[in-house]
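> The following block contains the structure, expressed as structure tokens.
The values are calculated or read from the model by the stated rules, or taken from the named source; none is laboratory data. Everything numeric here is computed off the predicted structure, so don't read it as measured data. Glycine gets a Cβ as well: all are built from the backbone with ideal geometry, and neighbour counts include every protein chain shown. Note: areas computed on protein heavy atoms with side chains; ligands, DNA, RNA excluded. Shrake-Rupley method; radii C 1.70, N 1.55, O 1.52, S 1.80 Å.
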Amino acid sequence: MFITFEGPDGSGKSTQCRLLAEHLQSLGHNVLLTREPGGTEISNQVRQILMDMKNKSMFPATEFLLFSSARAQLVREKIKPHLAGGGVVISDRYFDSSLAYQGYGHGLPLNSIRAVTALATDSLIPDLTLLLDIDAERGLRRRQSNGAEWNRLDDYTLAFHQRVRQGYMEMVKAEPARWRVLNADQPVDILQEEVREVVAAFMAGRSQKSDS
Ligand code: TYD
């Protein structure tokens, strides 16, 4: 089972991913927790280029292809082998981030993003995607106040982050069976309870289907 987390910056995804991974491990699942961009040595090198404040002149197309190259490595080196071994993969962001940020945010054509993404991911689509939704301004404020280092990608304007959020909403509408939307503007433990409920319900539904 392949679960991804999406959401605007400052939605608390990383904490929720980690807590879910620990929970599923305690239930006996073999869990791989990963994040984008990153998750492999090569992908982490690409991450450095993407985050570097020196690279202010990077074009959205360059950015997208770098995210895609980091993703291509992660899928082949880590995600696919883990799924093939019967494990659960949890990823903090995946290709939906490219559609939201480089597509809806920067205006790259969605069809081109989808075509390159099919190659990058070898057409691997998550079974379940959780959108941790939060108002763009509130998310950015949380991001600034939680002490995380400010990187080049945090520097985009509020209007950009609002388009990203709107983009996520459109993607949910277009593919409701894969997405679940949770309100990220609530305490960590309450949100984590909701995350666990959603995942448990999804897993129960799947095992029912495979029994019948
Ligand atoms: P990161 O520091 O990992 O933060 P977050 O907790 O918000 O995930 O930064 C990842 C940044 O990269 C974030 O601003 C979203 C952006 N991003 C894209 O623009 N496109 C992508 O395809 C991915 C994976 C991330």
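> Taking 41 Å as R0, compute the FRET efficiency from the Cβ-Cβ separation of A148 and S212 and round it to 0.05. If you can, show how the numbers build up before the last one.
Details: r = 46 Å, r/R0 = 1.11.
Result of the calculation: an efficiency of 0.35.
> Taking Cα atoms, how many degrees apart are the long axis of helix 60-74 and the longest axis of the chain, rounded to 10 and kept between 0 and 90?
Helix 60-74 and the main axis of the chain meet at about 30 degrees.
> Here is a follow-up. Keeping every protein chain present and rolling a 1.4 Å probe, give me the accessible area per residue for segment 117-212 in Å².
56 Å²
> At 1.4 Å probe size, with the rest of the protein present, what percent of the exposed accessible area of segment 23-164 is carbon and sulfur atoms?
55 percent
> Right, here's the next one. Show me 41-50, 130-139 ranked by packing, highest mean number of other Cβ atoms within 10 Å first.
Ranked by mean Cβ neighbours within 10 Å, highest first: 130-139, 41-50.
> Using every Cα-Cα pair within segment 9-141, state what percent have a distance larger than 22 Å.
In whole percent, the long-distance tail amounts to 40.
> When the C-alpha atoms of segment 61-212 are aligned to their principal axes, what extent does each axis show, in angstrom, from largest down?
Result, largest extent first: 50, 37, 29 Å.
> Under 5 Å between amide hydrogens, which residues at least 5 positions from V88 or on another chain qualify, with H placed 1.01 Å from N in the peptide plane?
Amide H neighbours of V88: N30, V31, L32.
> In terms of Cα to Cα distance under 24 Å, which lysines are near enough to K54, apart from those fewer than 8 places away along the same chain?
Qualifying lysines at Cα under 24 Å: none.
> Still on this structure, please answer the following. Starting from the eigenvalues of the Cα gyration tensor, five times each then square-rooted, give me the equivalent ellipsoid semi-axes of segment 1-82, largest first, whole Å.
26, 16, 10
> Another question, then. Counting Lys and Arg as +1 and Asp and Glu as -1, each charge on the Cβ, what is the dipole of the chain about the Cα centre in debye, to the nearest 20?
360 debye
> Right, here's the next one. Give the lysines reachable from K209 as a straight Cα distance under 26 Å; neighbours fewer than 8 places away on the same chain don't count.
Output for K209: K80, K173.
> If I take every Cα pair under 8 Å that is 6 or more residues apart in segment 1-132, average their sequence separation and divide by the length, what percent do I get for the relative contact order?
Relative CO of segment 1-132 lands at 43 percent.
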